[in-house]
Ligand code: ARG
């Protein structure tokens, strides 16, 4: 009994173990739509070029329409011995339409076919993720807008530093996701190139019209080197690098949500539908979604490293190693898509607790820098002002009071130039309002940024 998938060259069937080890159909069947679209564009071009007849083209279209239906209905019988999605679909086509099916692979190899399929599939996913990045930014913006003047203690080293607008803080994440969206749009241009026509590696002797196939499939152009076309996977690596950055941003936001939700901060609350309970501690409401998003970041980083490692030792051109590109890439797409979707929903449901934020800012002497700046305006060199304020803070800590609660006489004990007007500066709102530089936390500036993002993002 000869091998089913290959040729007369083989005098015995493939070992069962090898069959299972080399097959990819269990996971690459996910590419079926791209595979059929690519085949139809190829067949249309073969007919237009007179390489196959019109009747063959029509038969291929008819067969593919039926296969599409079978797969969509879950009736298609995927066979492990046919190795991958490409051979499964082609074999079924031949079963349905005979010789026309056998003509489809003219001037084509699975090497340029799989590279085309992955790019087509990824392009569709990229467009979905681009929309989700907009959703994420809009969700953050929706919480930022009513909180432009809500006061949050800003931290450095996890120590209270200066008061900031909570809206401003959320807009920092909008900036990050906006950059991610830019990166995605940029890498899409490099994904959207057509490998088909490179054949196995050297190009083909048939008079293919590659530009025509590219137009049919919506590619921006064709890969210009056949060897590169079949062996390159840097587009997938670039995508995974983009995904790693998105997840890193999501993970930082998640970490903050977890902290803010803790009783020790109590800055926010999350809607019950995004929390989970404990099987033993009845009082628990845990921010599991944020924790899991933080955790899933690691697996996406893992996929990036897996793909980089997969490619580093491969000589040109195609090697079977490349079959290993799919699972990491698929899982990256699934993870980022699900994470962005759930995080955007959760963010919109954040309940802000402004009093707790304000109390934390007061407890941390967040306006100490403002007092130093006040003294500088009265003529002190900044370093001297810094020292004066350190003494004032020490005294305030000793009395368990905020700087703004110290009597004027006490403050004047630290420096004679301090007057009644100091209290405007020592208030949290006064501190915020003073930061009027572009990109600063003054509510007026933050309002401007909100308007800019609204304009850029449009309505939901
Ligand atoms: N399943 C293969 C892959 O994912 C398709 C290409 C196979 N080409 C070959 N010459 N064995 O890479």
Checklist entry - Counting just the residues of segment 92-110 that are touching a residue at least 60 places away in the same chain (Cβ under 8 Å) and within 14 Å of the ligand (Cβ to nearest atom), which one comes out surrounded by the most Cβ atoms within 10 Å (Cβ to Cβ)? => result 108
Item to check | So residue 113, is it within 13 Å of the ligand (Cβ to nearest atom), assigned to a helix (DSSP H, G or I) and crowded, with 23+ Cβ neighbours inside 10 Å | outcome: yes
Item to check | Test: residue in segment 321-334 that is in contact with a helix residue (DSSP H, G or I) (Cβ under 6 Å, 6 or more places away or on another chain), in contact (Cβ under 8 Å) with a residue 40 or more places away in the chain, within 16 Å of the ligand (Cβ to nearest atom) and assigned to a loop (DSSP other than H, G, I, E, B) | outcome: no
Item to check | All positions within segment 180-200 that are crowded, with 17+ Cβ neighbours inside 10 Å and part of a loop (DSSP other than H, G, I, E, B) | outcome: 192, 195, 196, 197, 198, 199
Checklist entry - So which pairs qualify, if the first residue must be in segment 136-153 and assigned by TED's automatic domain parsing to the domain that holds residue 171 and within 16 Å of residue 341 (Cα to Cα), the second must be assigned to a loop (DSSP other than H, G, I, E, B) and modelled with pLDDT under 95, the Cβ gap must be under 8 Å, and the two must be at least 6 apart or on different chains? => result 138/460
Item to check | Residues of segment 215-262 that turn out to be in contact with a strand residue (DSSP E or B) (Cβ under 7 Å, 6 or more places away or on another chain), surrounded by fewer than 23 Cβ atoms within 10 Å (Cβ to Cβ) and farther than 30 Å from residue 156 by Cα, as a count | outcome: 4
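One line per residue, one yes/no per condition, for (1) assigned to a loop (DSSP other than H, G, I, E, B); (2) surrounded by fewer than 19 Cβ atoms within 10 Å (Cβ to Cβ); (3) touching a helix residue (DSSP H, G or I) at 6+ places or on another chain (Cβ under 7 Å):
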{"residue": "137", "(1), (2), (3)": "no, no, yes"}
{"residue": "146", "(1), (2), (3)": "no, yes, no"}
{"residue": "153", "(1), (2), (3)": "no, no, yes"}
{"residue": "167", "(1), (2), (3)": "no, no, yes"}
{"residue": "203", "(1), (2), (3)": "yes, yes, yes"}
Next on the checklist: Within segment 62-69, does at least one residue satisfy the condition of being within 16 Å of the ligand (Cβ to nearest atom), in contact (Cβ under 8 Å) with a residue 24 or more places away in the chain and in contact with a helix residue (DSSP H, G or I) (Cβ under 6 Å, 6 or more places away or on another chain)?
Outcome noted: no
Checklist entry - What tally of residues in segment 286-315 results from selecting those that are touching a residue at least 60 places away in the same chain (Cβ under 8 Å) and away from the ligand (no atom under 14 Å from the Cβ)? => result 4
Checklist entry - Of 46, 31, 82, 9, which residue is over 20 Å from residue 124 (Cβ atoms), touching a residue at least 12 places away in the same chain (Cβ under 8 Å) and within 16 Å of the ligand (Cβ to nearest atom)? => result 82
Item to check | From the options 385, 366, 361, residue that is outside any helix (DSSP H, G or I), crowded, with 21+ Cβ neighbours inside 10 Å and either on the phi < 0 side of the Ramachandran plot or within 30 Å of the chain's Cα centre (by Cα) (or both) | outcome: 366
Checklist outcome for this item: Matching residues in segment 414-457 (in contact with a helix residue (DSSP H, G or I) (Cβ under 7 Å, 6 or more places away or on another chain), assigned to a loop (DSSP other than H, G, I, E, B) and closer than 13 Å to residue 370 by Cβ) number 5
Checklist entry - Exactly one of (1) surrounded by 16 or more Cβ atoms within 10 Å (Cβ to Cβ); (2) assigned to a helix (DSSP H, G or I); (3) more than 16 Å from the ligand (Cβ to nearest atom) is unmet by residue 122. Its number? => result (3)
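The values are calculated or read from the model by the stated rules, or taken from the named source; none is laboratory data. Not measured: the values here are computed from a predicted model. Glycine gets a Cβ as well: all are built from the backbone with ideal geometry, and neighbour counts include every protein chain shown.
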